[in-house]
């Protein structure tokens, strides 16, 4: 169990770093949680009007998911005793899932974090880069066609387990399915707005105070 515990601690620790909050505060924009949806992700950082900060947040949030997997691969699975080498893939999946949970529920922010899209991408890239790239491609196609960032993310998330199973097998499919379920949960308000037609389209988001 020790490799799994180490993977979970490393993943959660990296995933819980609130880059969106740190970046906006460093830029003198205050607390990003006081605007828009109130979360710390790139989409909400974009509501500050600073696209470069949103892009940086997106990259760093994705990176912490991928780096968590890579660190565990190099320093935990890479040094595993032969008896647990067969579990290496599951240990990596544990690191990725923990990073995702760390972003969604960071202990430093009272367990109120981001919605997880960028971290999901990073985790997939770390576990199986083709699946990660397909996630991005599905997001882009839906975003261009429908102009809803949330719909694009939800579509990419629910198809990720399928591509994960086809390209990598059951282990990644199960992991992607768990992350997709959590992502659907974090987007429950967006789903409600999509259903009633009030969800803002890409390019139409405006800076506004959090309710």
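Overview of values
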quantity: Modelled label reach - residue 202, point 7 Å along Cα→Cβ, segment 9-36 residues with backbone N closer than 19 Å; calculated: none
quantity: Degrees between helix 117-127 axis and first principal axis of the chain (Cα, 0 to 90, nearest 10); calculated: 20 degrees
quantity: Degrees, to the nearest 10: 129-146 long Cα axis against longest axis of the chain; calculated: 20 degrees
quantity: Computed over the chain, Cα set: Rg, Dmax in Å; calculated: 17.0, 55
quantity: Neighbour-count order for 9, 46, fewest beta carbons within 10 angstrom listed first; calculated: 9, 46
quantity: Residue 191-residue 170 FRET efficiency (beta carbon distance; Förster radius 25 Å; 0.05 resolution); calculated: 0.35
quantity: Between helix 88-104 and the chain: long-axis angle, C-alpha atoms, 0 to 90°, nearest 10; calculated: 20 degrees
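Readers should treat all values here as calculations from the given coordinates under stated rules, not as data from a laboratory. Model, not experiment: these values are computed from the prediction. Backbone-built Cβ (ideal geometry, glycine too); neighbour counts: all protein chains shown.
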